[in-house]
Amino acid sequence: MTQTAIALSTDAQAEINEALNQAVAETAVATMLAQNFHWNVTGMAFGPLHALFQEIYEDHFVAQDDLAERVKALDGHAEGMLAGMLKRSKVVEFEGTGSDREMVEAMKVAEETLASTLAGAGELAANHGDTLTEDLCIARGQTHEKFAWMLRAHLR
Ligand SMILES: [Fe+2]
């Protein structure tokens, strides 16, 4: 049965919030990853890559807020600490400098990881009847898959 946020049990809310905070953390780390690449990418594809990384971090910055505020609607604590985000996140930072290709590859892996995290969070929400969280997760998952495809297309 479909449940609204306040109709869910405390345990269900906590479980969904844990999954959402994972998504918040990974979205935030991916935001910084994209901004890092936006700043530091070099090569003959500088123009389009600089623009693509900007499109990604602008999307992700808005999404962090949407996901974190869904945690608040579910009566949870939104992960707001960078240290906490780095601890939770399966998306990892990019150490040092790299080629344009290495940056596209790292960003692609981040987008694929996020798509997987969001798909899992959506399934978990659905299992609790929380279709409104499920809907947010599906929309975010689709966006990450779109970015993953766009990045993958550079590598073929
Ligand atoms: Fe810029």
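Read-outs throughout are calculated quantities, based only on the coordinates presented, and are distinct from any laboratory measurement. It should be emphasised that the depicted structure is a prediction, and the values quoted were computed from it without experimental measurement. Quick reminder, even Gly has a Cβ in these numbers, built from the backbone with ideal geometry, and neighbours come from all protein chains shown.
From the phi of every residue in the stretch 99-110, what ³J(HN,Hα) in whole Hz does the Karplus formula 6.51 cos²θ - 1.76 cosθ + 1.60 yield, where θ is phi - 60° and glycine or proline is x?
Running phi through 6.51 cos²θ - 1.76 cosθ + 1.60 with θ = phi - 60° gives 6, 4, 5, 5, 5, 4, 4, 5, 5, 4, 4, 4 Hz.
Give me the one-decimal nm value for the distance between modelled label points at residue 51 and residue 152, 7 Å along each residue's Cα-to-Cβ direction.
For the pair residue 51/residue 152, the computed spacing is 2.4 nm.
Semi-axes of the equivalent ellipsoid of the stretch 80-156: what are they in whole Å, largest first, if each equals the square root of 5 times a C-alpha gyration tensor eigenvalue?
26, 17, 7
Given all pairs of different Cα atoms, what value in angstroms does the Kirkwood hydrodynamic radius of the chain take?
About 15.8 Å for the chain.
How do 92, 62, 24, 41 line up, fewest other C-beta atoms within 10 Å first?
62, 92, 41, 24
At R0 = 30 Å, how high is the FRET efficiency between residue 62 and residue 10 if r is their beta carbon distance? Nearest 0.05 is fine. Mind showing how you got there, number by number?
Values: r = 29 Å, r/R0 = 0.97.
Working from the Cβ atoms, E equals 0.55.
What number, in percent, do you get for the relative contact order of the stretch 8-154 if the mean sequence gap of Cα pairs under 8 Å and at least 6 apart is divided by its residue count?
30 percent
Could you give me the ³J(HN,Hα) list for the stretch 86-98, computed from phi with Karplus coefficients 6.51, -1.76, 1.60 and θ = phi - 60°, whole Hz, x at Gly and Pro?
My calculation for the stretch 86-98 gives 5, 5, 6, 6, 8, 7, 10, 6, 9, 7, x, 9, x Hz in order.
Please determine, in degrees from 0 to 90 and to the nearest 10, the orientation of helix 131-154 with respect to the longest principal axis defined by the Cα atoms of the chain, where the helix direction is its Cα long axis.
Compared with the principal axis, the helix lies near 10 degrees.
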